[in-house]
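Scroll down for the structure; my scribbles are underneath it.
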Amino acid sequence: MGDADYLCEFDNQHKHFVSKFNGKNYVEAHHLIPMQYQEQFDCSLDIHANIVSICLVCHKKIHFGHFEDKKEVLEKLFNSRRERLIKGGINISLDELYIYSQD
């Protein structure tokens, strides 16, 4: 969360409330490529490059929203992390991320 300075990486204007634990804007960590697909990768998905800081609304949208509603969030997060993912050994396309995010 430190790299994003406790801001939503999709939209840094998303500020819903301040956490009582650290006095910072509340955000949640999300694995861009879900950990349930670890077996399909030779490298770890539990790396810094694959973990994004997002507000609770964007996080719930990714997990519970219709695909068309979460597509914009996933695309922006993926494009902002693509080079870091590749450096971490994770080289997938946006379309592959969409498939992994359908569940």
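The values are calculated or read from the model by the stated rules, or taken from the named source; none is laboratory data. Treat the numbers as computed from the prediction; the structure is a model and nothing was measured. Note that we place each Cβ from the backbone using ideal geometry, even for glycine, and neighbour counts take in every protein chain shown.
Candidates are the residues of segment 48-103 that are free of Cβ contacts under 8 Å to residues at least 60 places away in the same chain and among the basic types (Lys, Arg); the one that is surrounded by the fewest Cβ atoms within 10 Å (Cβ to Cβ) is Lys87.
Within segment 8-23, does at least one residue satisfy the condition of being surrounded by 14 or more Cβ atoms within 10 Å (Cβ to Cβ), closer than 16 Å to Glu96 by Cβ, under 11 Å from the mean Cα position of the chain (by Cα) and not hydroxyl-bearing (Ser, Thr, Tyr)? Looking through segment 8-23, none of the residues is surrounded by 14 or more Cβ atoms within 10 Å (Cβ to Cβ), closer than 16 Å to Glu96 by Cβ, under 11 Å from the mean Cα position of the chain (by Cα) and not hydroxyl-bearing (Ser, Thr, Tyr). For the chain, the helices (runs of 4 or more DSSP H) that sit wholly inside it and include 1 or more residues that are of a type in the set (S, T, N, Q) are 67-87.
Within segment 24-46, being loosely packed, with under 13 Cβ neighbours inside 10 Å and touching a residue at least 60 places away in the same chain (Cβ under 8 Å) holds for one residue alone: Gln36. Take the conditions on the phi > 0 side of the Ramachandran plot and modelled with pLDDT of 95 or more and apply them to Gly89. Does it pass? In short, yes.
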